[in-house]
Amino acid sequence: MKGIMNNKGFLTLMTAQAISSTGDWLSIVAIVTLVGIKWNATPIEVSFIILCLAVPMALLGPVAGTIADRFGRKYLMVISDLVRAGLFVILALANTLWMVYICLFTIGLFSAIFNPAKNGKLKELVPNEEIKSAMSITTMIDSATKIFGPIVSGILVSAAGTTPVFYINSVSFIISAILIFFLPKAVEQIKEEKEKGKSTFKAEFMEGVTFIKSNTQILVGMLFLGFSLLILQLSDSQIIVLIRELKNTSPGLFGYLVTGSGVGMFFSSLILVKKTNYRAYPLMLIGVCGIGLGFGMMAVFTHYNVDYSIVWAPLLGLFAGFAACLVFVPFQASVQVETPVALTGRVFGVIGSVTTTATIIGPLLGGWLSTVLGVIPTFIITASLLVFVSLIGLLTKNRLERGKKDVSESQQGAPTATSN
């Protein structure tokens, strides 16, 4: 822990992340307010906001990851930040929904390039023995911005409107780009390996896919994460509908629940920063089971209309957020440890594509299930499936760990390719 806090490159990258993530949360609230309230958009038109940001990552994640491995990661991040800064200025001037959609889709496209490049740069900056702490810190930053960003945005939008918020986010991306520009370049060894290993774009793309298929831990973990996230989104997207089932509820209950979730993720990340001697897969199983129990309790408490929802809803949100962090952080850390630096962008690009696809399909299925069966049965189904998936994972745990051992033994002595 002490070593990573003395890593100037890592601290610079995390500072840039904190600034841009805060700006992102500011703008998300502003966009929804602008489109949903000021322009009185329909529910379908509002849903396109999220789709415009998510679809580029779902469709282009693996390709974007290959780009991140093929070219200079630092400069790709700088370009992505500057382009997004300009797009938020255009958003501030937008006067039609189509302008908003085009800007958001392009922002999603450059975010799809930025994210795998950032994970690759993180791999360059942080040694393997500190990577678990590093991934926990990044999640802590995301959780903290999730807590404070919407609050600050709500205050700013109420006081000054949406336009200044877009300009603030634009400035946040410019500051992030400046900080990233001063990150250290790739070491000479990485540059030399890049020159030696030049190949076609298609060959590099297939190299990343082949690596994932050959690594049992990453492949099973990715499929487990994607399927769990798909199930989770069945209900996560319907929480506001569940809250409406309560007879006596606070208008701000949804916000309190989301804040509780962010607090839970923050404290879970804080623990994982200090306790890094964990095994990723068992912790993921505990996390998925914990999310299922949290969602199940929400459904039961709502069905019986338990009093003091202002207390139990944020607490259950905290519990679910704590459990969710046990899923995401260990998996991402294990991928960072297992993946050579040359392949980091491609691997995280594929993972990003799988998880983003789950976050797109899940809410659509969840909305359909809630319409057909009702929101409380949907939550019960979600909770049961998550607990069931965790039990299946427990039964396959030994087989997965044997596969990991076999892969490790087969790769002993093999040269590790690296690139920027």
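The values are calculated or read from the model by the stated rules, or taken from the named source; none is laboratory data. Please read all numbers here as calculations on a predicted model, not as lab measurements. Quick reminder, even Gly has a Cβ in these numbers, built from the backbone with ideal geometry, and neighbours come from all protein chains shown.
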> L369 is checked against (1) closer than 30 Å to K123 by Cα; (2) buried (at least 18 other Cβ atoms within 10 Å of the Cβ); (3) not hydroxyl-bearing (S, T, Y) and fails just one. What number does that condition carry?
Replying inline: (1)
>> Being of a type outside the set (F, W, Y) and in a helix (DSSP H, G or I) is the filter here; which residues of region 171-189 pass it?
In response: V171, S172, I174, I175, S176, A177, I178, L179, I180, E188, Q189
> Which condition number does A134 fail, the rest of (1) among the hydrophobic types (A, V, I, L, M, F, W, C); (2) under 22 Å from L183 (Cβ atoms); (3) surrounded by fewer than 23 Cβ atoms within 10 Å (Cβ to Cβ); (4) modelled with pLDDT of 85 or more being met?
Replying inline: (3)
>> Looking at the structure I just gave you, is G86 buried (at least 23 other Cβ atoms within 10 Å of the Cβ) and assigned by TED's automatic domain parsing to the domain that holds V126?
In response: no
>> Only one of F328, F322 is under 16 Å from the mean Cα position of the chain (by Cα), under 23 Å from I113 (Cβ atoms), aromatic (F, W, Y) and not in a loop (DSSP other than H, G, I, E, B). Can you tell me which?
In response: F328
>> Suppose the filter is at pLDDT 85 or above, of a type in the set (V, I, T), surrounded by 15 or more Cβ atoms within 10 Å (Cβ to Cβ) and closer than 30 Å to D24 by Cα; does I147 pass it?
In response: no
> Checking T210 against (1) modelled with pLDDT of 85 or more; (2) under 20 Å from the mean Cα position of the chain (by Cα); (3) polar (S, T, N, Q), which test does it fail?
Replying inline: (2)
> Can you name the condition, by its number, that L272 falls short on among (1) surrounded by 22 or more Cβ atoms within 10 Å (Cβ to Cβ); (2) under 27 Å from L365 (Cβ atoms)?
Replying inline: (2)
> When you scan region 85-124, how many residues do you find that are in contact (Cβ under 8 Å) with a residue 60 or more places away in the chain and within 18 Å of G65 (Cα to Cα)?
Replying inline: 11
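Residue by residue, here is whether (1) in contact with a Phe, Trp or Tyr (Cβ under 6 Å, 6 or more places away or on another chain); (2) within 26 Å of T162 (Cα to Cα); (3) at pLDDT below 85 holds:
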residue: D69; (1), (2), (3): no, no, yes
residue: G72; (1), (2), (3): no, no, yes
residue: Y75; (1), (2), (3): no, no, no
residue: V83; (1), (2), (3): yes, yes, no
>> When you scan region 332-344, do you find a residue that is under 21 Å from L386 (Cβ atoms), assigned by TED's automatic domain parsing to the domain that holds T249 and not hydroxyl-bearing (S, T, Y), even just one?
In response: yes
> Out of (1) buried (at least 22 other Cβ atoms within 10 Å of the Cβ); (2) modelled with pLDDT under 90, the odd one out for L13 is which?
Replying inline: (2)
>> Checking the conditions here, which among Y308, Y278, Y256 is within 30 Å of I4 (Cα to Cα), surrounded by fewer than 20 Cβ atoms within 10 Å (Cβ to Cβ) and either in contact (Cβ under 8 Å) with a residue 60 or more places away in the chain or of a type in the set (F, W, Y) (or both)?
In response: Y278
